[in-house]
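The values are calculated or read from the model by the stated rules, or taken from the named source; none is laboratory data. What you see is a predicted model; the values in this text were computed from it and never measured. All Cβ positions, even for glycine, are placed from backbone atoms using ideal geometry, and neighbour counts span all protein chains on display. Heavy atoms of the whole protein, side chains included, go into the accessibility calculation; ligands, DNA and RNA do not. Shrake-Rupley method; radii C 1.70, N 1.55, O 1.52, S 1.80 Å.
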Amino acid sequence: MPVLNTTSPEILRARYRSLSGEIPILIFTALSATAMQVIALMGEVDWTASVGLPAIRILLGALIFLYWFRRRHDQPSMAQIRWRLRASSVLLVLAGIVTLLRTLYLFHHTGTFGHYFLIIDTLLYGLCFVFILSKLGIATYIYNFLLLAATISCIFLEPLEHPYVLTALILVFEIGVLLAIRTSNHVFDQWVHATYATHALSAENQRLAHQDTLTCLPNRRQFFTHVEQRLAHAAQATERVAVGIVDLDNFKPVNDAYGHHVGDLVLVEIGLRLSRLRVADVQFYRLGGDEFAFQLTADMQQAMLTQLGKEVVHVIAQPMQVDGIPMTIKASIGACEYSNSGETAQDLYEHADFALYHAKRTGRGSMEIYSQQLEQARLHLSKIDQALRAADLEAELFPVFQPIVYVHNGETSSFESLARWNSPSLGIVAPDVFISAAESLGMVSEITRLMFKRAMVTMADWPAHIRLSFNLSAYDVTNKGVIEELIGMMAASGLQPARFIFEITETALLQDFATARDNISLLRQAGARVALDDFGTGYSSLSHVQNLPLDKLKIDRSFIRDIETNTISQTIVRSILALCQGMQIECVAEGAETESQVRFLQALGCQLIQGYFYSRPMAQEHIESYLAARTLTPDTLG
């Protein structure tokens with residue numbers, strides 16, 4: 001027997017839940033009504049009909065009541081739901097047949113009171129119970145038809161006045177009840193569909209809120225949620241927790257060279273590679289951009305974390321082909337272990353992020369684990385940040401100058417202006433440290449303007465052929481407002497624009513190549529020159545160098561340090577010199593400290609050298625005496 005006119009599991013489950021709460025109440029009411037019928041008709045019919053059969057009916061009803069009452073909190077499977085509803089439907093139809101036959105039997109053995117009692121009793125059963133049990137579907141309507149037939153039969157068997165009028169009245173109410181049932185079921189089904197649709201939408205929103213849509217890895221929010229949960233558990237157990245931040249070292253050039261579509265495909269591939277790593281107790285996440293993360297939960301040693309870091313670096317570094325383009329992506333990792341000292345997920349993230357920062361500074365493509373040594377460094381950087389925020393930049397910052405020399409005759413070509421900070425609380429702070437801090441605090445452009453102003457004041461006293469080489473931060477190079485302000489200051493100084501050389505780093509090109517190129521063009525249009533600093537250590541391609549309006553390349557000091565013994569360094573320096581010659585631009589070798597290094601570079605064809613061999617960076621008041629000494633001293637290398 002078909003139970004319901006629907007195959008929707010959601011509607012079946014909803015109707016079952018509704019019935020499971022109503023059936024026990026319904027059976028209790030039916031048993032009570034049966035007991036009243038026994039009392040009312042006991043004296044009019046024999047004991048078997050008035051007491052025996054109702055007693056069996058009451059016993060069966062009690063068993064059904066217990067069955068449903070004990071299962072009112074069940075979470076049955078769909079198969080169990082279908083079976084229970086089918087069984088209930090069969091029992092309901094059998095109950096209707098028994099009620100019809102019993103009513104007709106009793107009607108012939110009772111008097112006038114019994115007749116009226118049976119008519120009212122059967123009518124109430126038919127109208128009330130059918131409404132309550134309407135969610136059983138076809139069985140309900142069969143039950144209703146059987147009891148309606150019993151009621152109408154009794155009306156015509158009893159010589160009542162106007163039986164047709166009474167029948168019509170009952171049918172009117174019956175039709176109204178059936179229409180109400182139909183409407184109620186329709187509204188109920190719509191409500192169920194709407195509820196499940198809302199739950200599905202909510203579940204989808206929850207999924208989207210906790211999953212990265214590009215890589216399908218859990219996202220940043222889920223990362224912090226999971227880590228907090230694991231920390232709460234680890235605080236009460238021997239379990240250890242570690243987190244790691246994975247940053248792609250050379251991802252931005254991919255976006256710049258091939259577009260964001262290819263960049264997205266690279267991120268998808270990285271996500272797939274991480275998700276395929278079969279390492280127990282590890283979950284990977286995408287935090288955003290080119291930054292991923294992992295959480296490691298185990299009774300582990302640090303060697304396990306180190307091994308995981310090596311596997312992640314290795315799997316990412318495997319060559320890939322994206323949209324027909326072969327490429328290799330590398331990654332650096334910063335990790336931190338939970339030390340059970342009250343750290344939060346945010347604390348672990350910040351410590352891992354600092355370890356990542358250190359890994360990128362000391363050598364990309366590796367993992368750095370947060371340690372006590374890094375903790376001291378982080379606290380020191382925090383003090384630097386605080387001191388820099390409170391610093392009187394006018395009083396505490398000052399420029400020093402290092403000469404760039406023509407190697408063939410020892411004449412000074414230019415001076416590079418270098419910023420120095422003497423903090424009242426910290427003393428002399430390394431320039432790479434405080435410049436990096438200034439960039440993160442958004443103060444670097446203020447320092448740039450101040451240092452450029454002071455450098456021009458000093459430059460005004462130099463001979464007219466000596467130029468100023470001035471460093472621009474990555475923020476400066478990609479900020480048109482800063483560039484225009486520097487051009488205005490240069491014009492207002494009255495000095496020849498050709499005497500200014502602005503140095504930029506490859507890092508600046510990686511941040512926003514198009515904007516950097518446009519701003520470099522503005523500087524050259526104003527008459528200044530532009531040099532690419534630390535060449536050979538970053539990730540800019542030769543096509544970038546070719547497409548930039550550059551006047552000079554500066555070879556990074558890391559290639560000069562072992563130039564006399566390292567054939568790879570020699571090959572690189574020789575190639576850069578050839579590149580500059582082919583592009584007809586100047587080339588400066590940085591970091592020459594010994595006479596033998598200078599002679600070796602000169603033999604390779606290098607014309608401009610900067611390094612301690614000629615001079616350490618000097619204060620502005622020492623420049624005049626330095627230039628005088630260089631003029632009086634004959635060239636020892638000529």
Exercise for the section: Select, from Thr213, Thr167, the only residue that is of a type in the set (Ser, Thr, Tyr), over 26 Å from Cys336 (Cα atoms) and exposed (fewer than 11 other Cβ atoms within 10 Å of the Cβ). Expected result: Thr213
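Yes or no, residue by residue, for (1) part of a helix (DSSP H, G or I); (2) modelled with pLDDT of 85 or more; (3) more than 43 Å from the chain's Cα centre (by Cα); (4) not assigned by the TED database to the domain that holds Gln295:
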{"residue": "Leu178", "(1), (2), (3), (4)": "yes, no, yes, yes"}
{"residue": "Ile181", "(1), (2), (3), (4)": "yes, no, yes, yes"}
{"residue": "Val187", "(1), (2), (3), (4)": "yes, no, no, yes"}
{"residue": "Gln236", "(1), (2), (3), (4)": "no, no, no, no"}
{"residue": "Ala242", "(1), (2), (3), (4)": "no, yes, no, no"}
{"residue": "Ile245", "(1), (2), (3), (4)": "no, yes, no, no"}
Problem - Any chance Leu305 is at pLDDT below 90 and either assigned by the TED database to the domain that holds Phe513 or under 17 Å from Ala352 (Cα atoms) (or both) - result: yes
Fill in the blank from the handout: Considering only strands (runs of 3 or more DSSP E) wholly within the stretch 513-628, the ones with at least 1 residues that are hydrophobic (A, V, I, L, M, F, W, C), touching a Phe, Trp or Tyr at 6+ places or on another chain (Cβ under 7 Å) and surrounded by 18 or more Cβ atoms within 10 Å (Cβ to Cβ) are 529-535, 552-555, 608-610
Completion exercise
All conditions in (1) in contact (Cβ under 8 Å) with a residue 60 or more places away in the chain; (2) farther than 16 Å from Ile404 by Cα are true of Thr507 except (1)
Exercise for the section: Please specify each residue of the stretch 323-349 satisfying the condition of being open to solvent by less than 10 Å² (accessible area, probe 1.4 Å) and farther than 16 Å from Leu308 by Cα. Expected result: Ile329, Ala345, Leu348
Fill in the blank from the handout: The condition of being in contact with a Leu (Cβ under 9 Å, 6 or more places away or on another chain), under 30 Å from Ser8 (Cβ atoms) and of a type outside the set (Val, Ile, Thr) holds, among Leu106, Leu92, only for Leu92
Handout entry: Spans of helices (runs of 4 or more DSSP H) in the stretch 44-134 with at least 2 residues open to solvent by 50 Å² or more (accessible area, probe 1.4 Å) and in contact with a Pro (Cβ under 7 Å, 6 or more places away or on another chain)
Key = 53-70
Problem - Answer from Ala390, Ala377, Ala352, Ala359 - the residue that is small (Gly, Ala, Ser) and open to solvent by 60 Å² or more (accessible area, probe 1.4 Å) - result: Ala390
Practice task
Filter the stretch 114-142 down to the residues that are of a type in the set (Phe, Trp, Tyr) and touching a residue at least 60 places away in the same chain (Cβ under 8 Å), then identify the one that is nearest to Met36 (Cα to Cα).
Solution key: Phe117
Fill in the blank from the handout: Here the residues within the stretch 248-277 that are of a type in the set (Asp, Glu) and either open to solvent by 60 Å² or more (accessible area, probe 1.4 Å) or assigned to a helix (DSSP H, G or I) (or both) are Asp256, Asp264, Glu269
